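No value in this document is a laboratory result; all are computed from the given coordinates. Model, not experiment: these values are computed from the prediction. FYI the Cβ positions are ideal-geometry reconstructions off the backbone, even for glycines, and counts take in every protein chain you see.
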Amino acid sequence: MRKVLLVTSQQAITPALVEAFAPTGTLRAAINVGNPILANRPATGGDPVGVSIDLASEFARRLGLPVELVVFEKAAASVEAVRGEQADIGFFAIDPARGEGLRFTAAYVLIEGSYLVPESSALTENAQVDCPGQRISVGSGSAYDLFLTRELHQAEIVRLQGAPAALAALRNGEVEVAAGIRQVLEGETLRAPGVRVLPGRFMVIQQAMGTPSSRGADAQALLAAFVQEMKASGFVAEAMKRHHIQGASVAP
């Protein structure tokens, strides 16, 4: 008899699906440590920890496979690793610009994208940012880079290598605004005085799981069912609490 592993009472994992997800025999999970809501490097060293690692480990357990963390500093590099099949699953913000070559689940976490400005800035709300003469630093290829590229019409987007560089550009006076994950920006205000976060948000970042399109519709359906169960069972909420995550919420 063929071995069948259960994900839920309705969803079964066949050997063919296991092989589709992990042709190497190990589930390779692309992990972006540039987003602290999803993953962090412990101060004491060692492997990253976080919600995405917990989800990857649980999915690998249900497949009956070991998990390998393929770690990246930026979301764009993580996306390319999965698209290029150097990793089997990943954790990304859903965006139309990332659709080619990938299959996404529904979102499991919602994150706010916000703006950081100098304390002396005349800007007081998000709607004021998109105007001539405003330069906005972003991490190149990030969810907020992709979103603002479509939505802004007058401000200039300055693309840099990751969130630290985008924040440094604001501190150095090279831009008037920095865009990023609200939790990261609020952390920057605590690190040193001189900057503030504008009220509210300019976007909601929908974090989902993804797999290469080549793995097929059945693989996508299995991953989608897993994510839905992890939300409904409280797994995601408990992981966020365990890792002391603020500034995000479990997606509906």
Problem - Cut-off of 10 Å, at most 10 other beta carbons, DSSP loop: longest stretch of the chain lacking such trypsin sites (Lys or Arg not before Pro) - result: 4-252
Completion exercise
Dividing the helical contributions, -39500 (n - 2.57) per DSSP H run of n ≥ 4, by the residues of the chain yields a 222 nm value, nearest 500 deg cm²/dmol, of -9500 deg cm²/dmol
Practice task
State the percent of C-alpha pairs, over all pairs in region 143-247, separated by a distance greater than 24 angstrom.
Solution key: 44
Practice task
Compare 128, 161, 228 in a GNM of the chain, Cα atoms joined below 10 Å, and give the one with the largest fluctuation.
Solution key: 128
Fill in the blank from the handout: Note on the chain: the mean projected area of its alpha-carbon convex hull, in nm², is 13.9
Practice task
Please build a GNM for the chain, connecting alpha carbons under 10 Å apart, and tell me which residue among 179, 224, 122 fluctuates the most.
Solution key: 122
Problem - Residues 145, 88, sorted so that the one with the fewest Cβ neighbours within 10 Å comes first - result: 145, 88
Completion exercise
Rg from C-alpha atoms of region 112-203, normalised by the globular rule of thumb 2.2 N^0.38 Å, equals 0.93
